[in-house]
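Q: Encoded as structure tokens, here's the structure I'll be asking about.
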Amino acid sequence: MRKKTIDTIPVLTDEIKNILNTFSRSRTMPASLTNRASIALMASEGLTNQEISARLNMHYNSVGGWRSRFLEALPHLREVQESAPDKLPDEVRKIFSDRPRPGCPCVFTQEQIMKIIDLACKAPSDFGYEVSQWSLNLLVKEIRRQGIAQDISAKSVSRFLKGSQIKTP
């Protein structure tokens, strides 16, 4: 079986090493960030992906991915270290943070959501309904009547109200 070559991390500066040590030992940061900082530290010490994965109880492909990502970002970190050393911890955190996941863009704007929440806070009787509380279906009907949103479901309205911590009808 052919052994895959691994990306070698060059010697790290003391500042970057200190930040990685701080991150890897932190008890307040998410475990994912502490593990990723540990990967970079161990990789800089010459450990293989398999050795790191055994120590951190992670899959070696994950270790290899984070090792490569850190190596790609290292020139940028060195630039930041030269130009704005106080921003270095934030830049390291960005490197070890998850990238945005793909998905559908939001269908409703923040303005529409705010109007829906505002409408839900008002009494249905203010709009000519003979009820004291909104039902989700009645609220959807009024949202469409006012032209706030045409294609909206009761489930979407419920999600917006729960997100704003307003008790749903």
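No lab work stands behind these numbers, since they all come straight from the coordinates. Note that the structure is a prediction, hence the values are computed from the model and not measured. All Cβ positions, glycine included, derive from the backbone under ideal geometry; neighbour counts span all protein chains shown.
Residues checked against (1) more than 30 Å from the chain's Cα centre (by Cα); (2) among the hydroxyl-bearing types (S, T, Y):
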position: D118; (1), (2): no, no
position: C121; (1), (2): yes, no
position: Q133; (1), (2): yes, no
position: I143; (1), (2): yes, no
position: G147; (1), (2): yes, no
position: K155; (1), (2): no, no
position: S158; (1), (2): no, yes
position: K162; (1), (2): no, no
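Q: Return yes when I95 is under 22 Å from the mean Cα position of the chain (by Cα), in a helix (DSSP H, G or I), within 20 Å of R159 (Cβ to Cβ) and without any contact (Cβ under 8 Å) to a residue 60 or more places away in the chain and no when it is not.
A: For I95, the condition - under 22 Å from the mean Cα position of the chain (by Cα), in a helix (DSSP H, G or I), within 20 Å of R159 (Cβ to Cβ) and without any contact (Cβ under 8 Å) to a residue 60 or more places away in the chain - is not met.
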